[in-house]
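Rule-based calculations on the coordinates, nothing more; no lab input. Not measured: the values here are computed from a predicted model. Here the Cβ positions follow ideal geometry from the backbone for every residue, glycine too, while neighbour counts run over all protein chains shown.
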Amino acid sequence: MPASKAKSLSSMFRAAIKTKAKAKAKAIAIAKASNSNSTTTIVKDRTLKHFVSSIDPSAISRALTEESLKLLSASSSLSPPLLPEEEEEEEEENPSLQEFEPDFVLFGSNVEDESPVSDSEDSTSLDAAGVLGLTTRNVLSNKIAFVLNADALESSPDHEGIVGEMSLERELDVPWFPSLSQHSISLRRKEVVRERKQKWVFKSTQVGRFNKLVKMCAAKVGPNNAFDVFGKLGRETGVKEYNALIKVCIEKARSTADEDVALEQIHRAFRFFKSMKENGFQLEEETYGPFLSYLIEMAMVEEFFFFCEVITDANPGSVSKLGYYEMLLWIKVNNEEKIQELCDYIISEEGESKSSLQENFLLALCEGDRDEELLQLLEIVDITKLSSVDLVKVIFKALGKLKLEALAEKFLLALKAQDSGAENFTNFLYNYAVGNPNLAVEDVILTFKNLHAKLDVTPSRGSYEKLIKYCCDLHKVHVALDLIEELCKGDLPVSTEAINHLLFACGLSYNFNLVHRVYSLICDHDLKPNAETFRIMISLCVRMKDMEGAYSMLRDLEKWKLAPTANMYNAIMAGYFREKNNYGALMVLKQMEESNVKPDSKTLSYLISNCESEEDINKYCEQLKESGNQVTKDIFMALINAYASCGQLEKAKQVVSAEWVPANYLNDVKSVLVQALASHGKFSDALNVYEEIKQAGCSLEPKAIISLIEYYNADGGSSTLLQLLENLDDSEYWVDGCCRVILYCVRYKDLSTAVDLLKQLKDRICVDDELPLEAFLDEVFCLIGDLEPSHLQMGLDLLRVIKDDLGLTPPRKCLDFLLHACANAKDLVNAQLIWKEYEAADLPHNILNFLRMYQVFLAAGDRKAAKILLTKLPKDDPHVNGLS
């Protein structure tokens with residue numbers, strides 16, 4: 001930033017300080033007004049969700065009639081509220097790590113026919129649908145769709161009475177769960193809240209759910225019209241709505257390659273900023289931050305400063321924070337002159353503006369890895385006067401990366417003298433220790449301990465647990481367990497969360513056997529496990545097939561005053577099913593009954609998925625209906641797999657075509673259908689479902705694409721497989737799919753495609769780690785060795801590609817399989833070429849090589865050469881002694 005701009009920035013900041021009090025008072029007034037409507041937010045969010053699902057985008061411009069407003073207002077007030085006790089329970093039971101699942105399933109969300117399922121339907125209809133009782137119709141969505149379609153309302157006399165209030169009440173009399181009372185609905189929702197604790201992932205907050213809702217609305221009607229939708233539903237547009245819509249603009253701009261489309265989205269975001277200002281909302285960082293980050297990512301310098309002026313005009317107090325984004329911009333475009341100008345400005349300026357800008361520049365330099373400029377500013381920084389503890393942590397992490405221990409100690413001594421708080425201080429030491437990403441975990445721990453000893457500080461439990469989590473994230477579970485033992489020996493309490501982190505990491509790193517050591521630690525030191533702790537430990541025992549150990553932990557629950565849960569039994573049941581031990585799995589169900597533990601949706605999905613007859617499927621579906629459990633995505637998937645296993649592929653298809661499958665489950669359920677059809681020989685049907693998913697604008701799950709590639713055996717060229725491969729975005733799945741396509745090309749002698757994919761595969765796999773590629777090449781040449789002799793030339797061509805095009809040394813196994821192929825083809829000339837390749841690759845000939853070459857000589861009728869070769873073999877080998 002030039003000097004004139006720097007002075008302008010400083011003056012803008014000073015002006016912002018003067019107006020800060022007024023802006024704060026205004027923001028408080030707006031917040032109070034917004035909070036007055038907060039009690040109805042959840043109710044209206046649910047109404048909006050059903051409303052959006054039925055919108056016809058082509059009719060949106062004609063949708064806002066007076067009668068429409070009446071209907072929408074009525075529907076908003078009649079939506080079932082989320083009970084207050086549910087909100088409290090959800091807050092109280094909120095663990096640190098959870099899995100998000102929908103609050104409830106609304107059956108028939110896409111149904112237009114209002115008649116129940118007839119018992120006399122065709123024999124090919126889905127029997128489970130009648131058993132489950134899934135006959136509810138979402139009439140409200142259809143009526144709103146009719147209201148929005150102004151042409152239909154005007155032209156069709158049959159629809160004249162729809163918009164009347166009495167008619168609407170009659171339509172809304174259809175209950176969402178026809179077989180349940182309102183009390184049962186409440187119990188079901190509470191059960192769903194508890195089921196969210198099945199996995200250890202972070203909970204999706206209400207803000208996240210609302211953002212999904214707004215995104216769906218904007219996709220249907222466009223971001224601009226979404227405002228009208230909110231208004232017609234009686235929901236005032238507030239900061240949360242603006243932020244969600246601006247986020248939609250950012251996502252659309254980022255996802256397009258069309259510059260005009262991106263500029264259109266930027267213009268829309270500008271209109272939202274302008275609208276916020278006109279409606280009295282102050283532009284805070286949560287609003288403008290993601291948008292400026294997008295402009296920085298796209299290196300849009302002019303647009304960035306244009307929006308900075310807009311933001312400053314609406315919120316003068318944002319000037320110092322904009323300095324952070326400006327520094328990131330210059331770092332992104334690599335403008336060394338501008339970066340240095342900003343640093344010089346901070347060094348030369350004084351006053352309050354300097355302090356605030358200084359902190360923001362420091363944060364940006366740390367995030368942008370600008371080490372030289374960071375050290376310049378650290379020379380003039382008083383670490384004790386920084387207002388943000390988080391910034392101090394970032395600085396220490398940067399010092400750790402740069403290995404500046406002397407400077408770190410200087411800052412630490414200053415903070416210690418000022419008494420910055422024991423917990424904060426030891427956390428600063430932790431951040432320095434983990435700052436260097438190239439440091440081994442053992443060295444990180446040593447640095448952590450040495451700094452504490454040098455500064456005469458006792459590590460806090462919090463910093464220790466952060467170190468434990470750091471080790472777990474890197475799957476260094478043995479080191480993490482040693483740290484927990486140190487805490488126990490030092491009489492420091494170990495949190496349940498730390499134990500669960502360790503157990504979860506043991507599962508991810510396949511260190512299942514450590515569960516016994518962890519359990520001994522819990523028992524010996526009287527730690528406080530919870531139900532989730534036992535669930536993970538039981539699961540780890542099951543995964544190493546220690547069923548007795550799993551049952552032993554179930555029996556020990558009483559010692560800790562814990563009750564067994566369905567999830568614990570589910571882990572054991574899943575283990576039995578994996579081992580094809582259906583009797584053991586059914587015994588688990590009996591034990592659940594004896595322990596008075598009710599089967600949940602996961603239990604019944606396991607049972608349905610492993611049914612051997614339609615009678616069993618119907619039996620468990622009936623049990624699901626009677627239990628009142630939620631019909632989850634797993635149930636639909638289990639039905640598909642069960643029908644496919646019973647040979648009823650048509651009924652498996654009907655699970656997806658059934659109109660009671662919720663829209664948010666449909667893509668995942670269809671993906672499972674694709675897998676089931678492909679694996680049961682119905683590849684063309686699977687491909688048709690895949691095309692339907694693509695035409696609907698959705699994407700197939702990676703596992704389903706892998707199944708299509710795996711079971712594609714037609715000799716029709718590789719074009720279909722290459723199209724499937726293009727739809728794999730995940731790198732791990734792409735590598736798997738690519739390997740499968742290459743094997744197909746080898747089988748059908750498509751050399752050019754195989755070579756092209758091998759080059760791509762080499763680029764995708766880490767350059768420093770050739771082991772995965774070498775293992776795959778072994779698999780390729782193993783296939784060539786097992787195929788007909790006519791595939792030998794394909795192998796020889798691939799060998800040339802590996803050497804000349806990929807620049808790799810052929811692995812021993814590749815040459816072994818090629819020599820085996822030469823023996824099968826009785827090709828002495830090529831066998832002698834392969835024999836020389838061992839010498840070129842500096843690979844000594846082993847006994848198997850001699851035996852293969854001996855077979856080639858005999859097959860070619862050259863007995864003299866075979867006898868000479870025998871004289872070179874070691875006589876003490878039993879395989880050689882068998883030759884004569």
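For residue 711, nonlocal amide neighbours, meaning residues 5 or more places apart or on other chains whose placed amide H falls under 5 Å from its own, do not occur. Calculate, for residue 530 and residue 508, the FRET efficiency according to 1/(1 + (r/R0)^6) with r their C-beta to C-beta distance and R0 22 Å; round to the nearest 0.05. With a Förster radius of 22 Å, E is 0.65. For residue 388 and residue 306, a Förster radius of 35 Å and the Cβ-Cβ distance give a FRET efficiency of 0.75, rounded to the nearest 0.05. For residue 369, the shell of other residues with beta-carbons less than 13 Å away shows a net charge of 0, using +1 for Lys and Arg and -1 for Asp and Glu.
Among the trypsin sites (Lys or Arg not before Pro) in the range 778-871, those placed in a DSSP loop whose Cβ has at most 14 other Cβ atoms within 10 Å are 826. Placing a pseudo-label 7 Å from each Cα along the Cα-to-Cβ vector at residue 680 and residue 348 gives an inter-label distance of 7.7 nm. Extension gain, residue 797 to residue 424, is 128.0 nm, computed as 0.36 nm per intervening residue step minus the present C-alpha separation.
You can think of it this way: the chain between residue 703 and residue 298 has 142.5 nm of extra reach, that is 0.36 nm per residue less the Cα-Cα gap.
Treating r as the C-beta distance of residue 489 and residue 413 and R0 as 30 Å, the FRET efficiency rounds to 0.50.
Full extension of the chain between residue 587 and residue 688 gives 32.3 nm of extra length, using 0.36 nm per residue less the Cα-Cα distance. For the set 528/561; 410/476; 602/625, the pairs lying more than 20 angstrom apart at their alpha carbons are 410/476.
Cα centroids of the range 759-834 and the range 456-503: 48 Å apart. The label-point distance for residue 563 and residue 663, in a model that sets each label 7 Å from Cα toward Cβ, rounds to 3.8 nm.
Positive contributions from Lys and Arg (+1) and negative ones from Asp and Glu (-1), summed over other residues with Cβ under 15 Å from the Cβ of residue 734, come out at -4. Taking the centroid of alpha carbons for each part, the range 658-716 and the range 369-427 are 54 Å apart. Sum up the charges of everything whose Cβ sits under 9 Å from the Cβ of residue 339, counting Lys and Arg as +1 and Asp and Glu as -1, but leave residue 339 out. Local net charge: -2. Taking label points 7 Å from Cα along the Cα-to-Cβ direction, residue 872 and residue 458 give a separation of 7.4 nm.
With 31 Å as the limit, the listed pairs 252/274; 580/651; 703/749; 703/762; 274/694; 401/469 have 274/694 beyond it between alpha carbons.
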